[in-house]
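The values are calculated or read from the model by the stated rules, or taken from the named source; none is laboratory data. Model, not experiment: these values are computed from the prediction. Note that each Cβ is placed from the backbone with ideal geometry, even for glycine, and that neighbours are counted across all protein chains shown. Protein only, heavy atoms only, side chains kept; ligands, DNA and RNA dropped before computing areas. Shrake-Rupley method; radii C 1.70, N 1.55, O 1.52, S 1.80 Å.
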Amino acid sequence: MWPEIFRRVKLFLEFRDALTSGKVRAAEKFNGKWTVNAWVKQGILLGFKLGELKEMGAADGLSFVDKDTFPARHFSVADRVRVVPGGSSIRAGAYVAPSVICMPPMYVNVGAYVDEGSMVDSHALVGSCAQIGKRVHLSAAAQIGGVLEPINAAPVIIEDDVLVGGNCGVYEGTLVRTRAVLGAGTILTRSTPLYDLVRGEVYRATPEQPLEVPENAVVVPGSRAVKKGPAADWNLSLYTPVIVKYRDEKTDRGIELEEWLR
């Protein structure tokens, strides 16, 4: 029995190291299409099963209790990741590329992938298995949802050069394409329809495909009237995200300050 347990622990630690180094990912892009690696989620869940609760951190400072298979990561100058002082935490099994900036306090969960040049701002969350591209800015209090179960569920994917505004929430079953801009307070979920005022279309997730924000789309919070039942009599409306334009030179000038922060 014990040799088998030791073998499983050894394999898990090798798997966790591969996640931490970015050699394996919960989702990968092939020929323009994202594919979910369900076996990666299974490996993470195995880690929770193998782990035991352990007191971690400093006895006279910040301390916490968690599964010993997923401790907090420690960075050195050689990692070339800026982790600014102030209470941030990044779990083992999360990949954070060189040149990423982590503003306090922020959190990156296991299985997440944060690519080069991105910034995770204060009070922002990168959930389990979320995939963040290059030069992405997750503004203050942005919440990128995580997903471990069901195993085949698509994680949140934010492609390259996306700006996610403050207090945005992007949750399971959402794909934000390259260079999109999410205005402050935008909420996106699998069940949220996305209205495109420019192209006159409505985008929805399907059982096979996530909700997809088009490349270069500029999305802001909006509302739509409820036209049936008591809600219509009461003049109620429901929240909905709206594409009001597609990225242009004016949009780029408005966010070029982000480059100075890097």
*Selected residue [over 24 Å from residue 161 (Cβ atoms), in contact with an Asp or Glu (Cβ under 8 Å, 6 or more places away or on another chain) and open to solvent by 50 Å² or more (accessible area, probe 1.4 Å)] from 10, 54, 41*: 54
*Residue check, residue 32 against (1) exposed (fewer than 13 other Cβ atoms within 10 Å of the Cβ); (2) farther than 30 Å from residue 214 by Cβ, all met but one. Which one?*
(2)
*Here is a list of conditions, (1) under 22 Å from the mean Cα position of the chain (by Cα); (2) under 22 Å from residue 148 (Cα atoms), and residue 52 meets all of them except one; can you say which number that is?*
(1)
*Going by the conditions given, is residue 124 open to solvent by less than 50 Å² (accessible area, probe 1.4 Å), under 21 Å from residue 20 (Cα atoms), modelled with pLDDT of 95 or more and under 11 Å from the mean Cα position of the chain (by Cα)?*
yes
_All but one of (1) open to solvent by less than 10 Å² (accessible area, probe 1.4 Å); (2) within 16 Å of the chain's Cα centre (by Cα); (3) acidic (Asp, Glu) hold for residue 196; state the number of the condition that does not hold._
(2)
*What number of residues within the stretch 54-106 are out of contact with any strand residue (DSSP E or B) (no Cβ under 7 Å at 6 or more places or on another chain) and of a type in the set (S, T, N, Q)?*
3
